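Heads up, the thing below is written out as structure tokens.
The values are calculated or read from the model by the stated rules, or taken from the named source; none is laboratory data. On a predicted model such as this, the values are computed, not experimentally measured, just so you know. Cβ: placed from backbone, ideal geometry, glycine included. Neighbour counts: every protein chain shown. The protein model used for the area step is the full one, side chains on, heavy atoms only, and it has no ligands, DNA or RNA in it. Shrake-Rupley method; radii C 1.70, N 1.55, O 1.52, S 1.80 Å.
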Amino acid sequence: MKMRSILSAAYAAIAIAMATPAAAHGTGETVTPHFSQTIPNIPGKSLVALVVDYTPGGASPSHIHAKSAFIFGYVLSGEIESQVNDEPRRVYRAGESFHETPGSRHPVSRNASATKPAKLLAVFVVDTGEKELTTSVEQNSSSRSKK
């Protein structure tokens, strides 16, 4: 049983390492893996935390999240403008949080300030075998057109 947990944790770490470059395509955005751990009492699920640093005026490209990913976002510093699916855009300030349901589309995720940096903690509850946590809408559109 212990070996299975170790292998699951190693597999989750590899999946996160492979997923991170897909998330780091924004202008003025740096995504850093912070934590990854299988959830022992929920077989097949992992908890993954990423820190997203935005330079002043920085932004993430429009993207979708993994179909299995429930996401909790917490603004560590600065102000983040966000829009999920067709909900209205909203600015979240340091100490505020939001969530995204599995398979959500994220058309807007950016630093709301042109003069100060911002930092976001994104915590994913995701299928352990999930390879891509985030896919840019452009990347998703071009892969659909190739099929």
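The table for this structure:
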item: Test set (1) at pLDDT below 95; (2) assigned to a strand (DSSP E or B) - V51 fails condition number; result: (1)
item: Hey, G58 in a loop (DSSP other than H, G, I, E, B) and not polar (S, T, N, Q) or not; result: no
item: Qualifying residue in the stretch 4-26 (condition: closer than 20 Å to S113 by Cβ, assigned to a strand (DSSP E or B) and modelled with pLDDT under 95); result: no
item: Tabulated pairs, the stretch 124-139, first farther than 22 Å from V108 by Cα, second aliphatic (A, V, I, L, M) and in a loop (DSSP other than H, G, I, E, B), C-beta under 8 angstrom, 6+ apart or interchain; result: D127/A66; E130/A66; E130/A69
item: Selection status of S113, of a type in the set (S, T, N, Q) and open to solvent by less than 20 Å² (accessible area, probe 1.4 Å); result: no
item: In the stretch 35-94, the residues that are among the aromatic types (F, W, Y), closer than 19 Å to R105 by Cα and open to solvent by 50 Å² or more (accessible area, probe 1.4 Å); result: F70, F72, Y74
item: Wholly within the stretch 68-147, strands (runs of 3 or more DSSP E) carrying at least 3 residues that are out of contact with any helix residue (DSSP H, G or I) (no Cβ under 9 Å at 6 or more places or on another chain), farther than 20 Å from P33 by Cα and at pLDDT 90 or above; result: 79-83, 90-93
